[in-house]
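Student: Have a look at this one.
The values are calculated or read from the model by the stated rules, or taken from the named source; none is laboratory data. This structure is a prediction, so every number in the text was calculated from the model and none was measured. A quick note on method: Cβ atoms are made from the backbone with ideal geometry, for glycine too, and the neighbour counts reach across all protein chains shown. Heavy atoms of the whole protein, side chains included, go into the accessibility calculation; ligands, DNA and RNA do not. Shrake-Rupley method; radii C 1.70, N 1.55, O 1.52, S 1.80 Å.
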Amino acid sequence: MTILYGRGFAAVNYPTGMNLGGDPSQALVHATTTGNFVVTLSSVDLGQGIKTIAAQCAAEVLGLSVDNVMVETADTDTGPHCMGTFASRGTHRVGNAVIMAAREAREVMLEVAAEEMEVDPADLETDGSGYIKLKGSEEKKISIFDVAGIAHFQQGRTISGRGMFLKPRSYPVPETGEMDPDSAQSHACTVIDVAVDDETGVVDIVKIFSVYEMGRALNPAMVHQQIAGGAWMGVSHALYETTEPYYPDRSHGPTDFSSYLMPGPGDTPPVTSVILERPVQNGPFGGKGIGEMTANSPIPAVANAIFDACGARVEELPITPERVLRALDIARNSAVEG
C-alpha cells in the first residue's frame, strides 16, 4: 500500500443573474412609528444570508444602524415580485432594489425632518447613528425616532420607498450570436491537495485553498462562510454524492438520507479562502454574485489532484474508490502496453 499525494487546481467564472426578460426583483421599505425600518421582499433566504445583506444595504442608505432594520421575506402572494433565489442573483438584484427603495424612503424622511427643523432638505444629512443633522453642524439635529413619530402623527406622511431592479433582456445578434446574458461575471480559482491510497482507492482531501473575485464583499465574514460551505458541497459532489451509483441498475441506490453518502465533520479539510475585491459598477455598492460558484471549482480541482497523485483520470462523478482503482488499472495497463 502506498499513499500518493497530489495537487490539482481549477479556475472558473460564473454569471450573476439570468437573461430572463429583465430578471427583476422588487423591494419595499417603510418606517415604523418607532423609527425602525422594514424591508419587505419576496426573495427567499435559503441560508445564504439575503436578509442580512438587505438589512445592510438599507441601513447604509438610510444612515442608521443595521439593528434598526427588519427584513420580511413575505409570502409571494402578498410581497413585491421576485424572480427567485437562483443564478447567484440575490445580492445583486435584491441589493440594488433595496437601495432604490431606501433612497426613496430617505428622501421622504429628510423632507419630514426639514419641515420640522425649518431648513432645506438638501442641507440635511444622516450621521449613521440614527440622527439627521444640519450639514456642518453637530448641534442642530433630530433623531430618526422623532422624525418617524412626527411623520405619522403630525404631518400625516408615510416614510416609504419602492425599488425594482432589472436588466433589459439581451437578444442574440443573428449574424454573430453575440449577446449580453448576465449582469456581471465573478471569478475563482481553487487548489486542492489530496492523498490517494493506491490499494483501496480511498481519496482524502488534505487542504483546500480558494481565491474569489466577486466585486465587493458586502459582508466579508459571510463570504468566507459561503466559500467554506461551497467547498464542502464541491467535495461532497466530487467524492460522495449519488442517487444511482450503478445506473441503469438502480438496486444499490440509497433509499433515504441515512444511507445517502455525504462527508461528515471528520472528512472536512481545512479551507483557506482569499477575497479579491474588484467592485462592479452596476452592483449594490460594487457587489456581484458568489453563491453557487463556490461549489463549482472544487470538483474539477479534486479530479485534477487525483490525476496528479496517481495518474488515474476519473471522468465520472462521484470519484468513488472503485472508480479510482479501475482508473489505476487502466493507467497501469496503458503504461505496460506503451
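Student: Kindly indicate whether any position in the stretch 298-318 is modelled with pLDDT of 90 or more, under 14 Å from residue 190 (Cα atoms), open to solvent by 30 Å² or more (accessible area, probe 1.4 Å) and touching a His at 6+ places or on another chain (Cβ under 9 Å).
Tutor: yes
Student: Go through the stretch 118-157 and report how many residues are in contact (Cβ under 8 Å) with a residue 60 or more places away in the chain, open to solvent by less than 50 Å² (accessible area, probe 1.4 Å) and part of a helix (DSSP H, G or I). So that I can check it myself, show each step before the final result.
Tutor: Going residue by residue through the stretch 118-157, those that are in contact (Cβ under 8 Å) with a residue 60 or more places away in the chain are 125-130, 132, 143-149, 151-153.
So of that shortlist, the ones also open to solvent by less than 50 Å² (accessible area, probe 1.4 Å) come out as 126, 128, 130, 132, 143-144, 147-149, 151.
Adding the requirement that they be part of a helix (DSSP H, G or I) leaves 144, 147-149, 151.
The number of residues fulfilling the criteria is 5.
Student: Taking into account only those residues within the stretch 84-121 that are acidic (Asp, Glu) and touching a strand residue (DSSP E or B) at 6+ places or on another chain (Cβ under 8 Å), which is modelled with the lowest pLDDT?
Tutor: Of the residues in the stretch 84-121, the ones acidic (Asp, Glu) are 104, 107, 111, 115-116, 118, 120.
Then keep just the ones that are touching a strand residue (DSSP E or B) at 6+ places or on another chain (Cβ under 8 Å); that gives 104, 107, 116.
On the way: 104: 97, 107: 96, 116: 93.
Once the filter is applied, the top-ranked residue is 116.
Student: Moving on. Just the residues that are in contact (Cβ under 8 Å) with a residue 24 or more places away in the chain, in a loop (DSSP other than H, G, I, E, B) and open to solvent by 60 Å² or more (accessible area, probe 1.4 Å), please, taken from the stretch 230-260. Working first, answer last.
Tutor: Narrowing the stretch 230-260 to residues in contact (Cβ under 8 Å) with a residue 24 or more places away in the chain: 230-242, 245.
With in a loop (DSSP other than H, G, I, E, B) added as a condition, the list becomes 240-242, 245.
None; the set is empty.
Student: For residue 169, are the conditions met, namely being open to solvent by 70 Å² or more (accessible area, probe 1.4 Å), charged (D, E, K, R) and in a strand (DSSP E or B)? Please lay out each step first, then the result.
Tutor: On the way: open to solvent by 70 Å² or more (accessible area, probe 1.4 Å): yes; charged (D, E, K, R): yes; in a strand (DSSP E or B): no.
When the stated conditions are applied, residue 169 does not pass them.
Yes or no, residue by residue, for (1) assigned to a loop (DSSP other than H, G, I, E, B); (2) crowded, with 22+ Cβ neighbours inside 10 Å; (3) in contact with an Asp or Glu (Cβ under 7 Å, 6 or more places away or on another chain); (4) touching a residue at least 24 places away in the same chain (Cβ under 8 Å):
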{"residue": "22", "(1), (2), (3), (4)": "yes, no, no, yes"}
{"residue": "27", "(1), (2), (3), (4)": "no, yes, no, yes"}
{"residue": "60", "(1), (2), (3), (4)": "no, no, no, yes"}
{"residue": "104", "(1), (2), (3), (4)": "no, no, no, yes"}
{"residue": "108", "(1), (2), (3), (4)": "no, no, no, yes"}
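Student: Here's a follow-up. So residue 89 fits all but one of (1) under 27 Å from residue 210 (Cα atoms); (2) buried (at least 21 other Cβ atoms within 10 Å of the Cβ); (3) touching a helix residue (DSSP H, G or I) at 6+ places or on another chain (Cβ under 8 Å); what number is the exception?
Tutor: (3)
Student: From the list 290, 227, which one is under 19 Å from residue 16 (Cβ atoms), assigned to a loop (DSSP other than H, G, I, E, B) and either at pLDDT below 90 or hydrophobic (A, V, I, L, M, F, W, C) (or both)? Break it down stepwise before answering.
Tutor: Values: 227 fails: assigned to a loop (DSSP other than H, G, I, E, B).
Only one candidate qualifies: 290.
Student: Another question, if that's okay. How many residues, within the stretch 283-338, are in contact with a strand residue (DSSP E or B) (Cβ under 9 Å, 6 or more places away or on another chain) and among the basic types (Lys, Arg)?
Tutor: Qualifying residue count, the stretch 283-338: 1.
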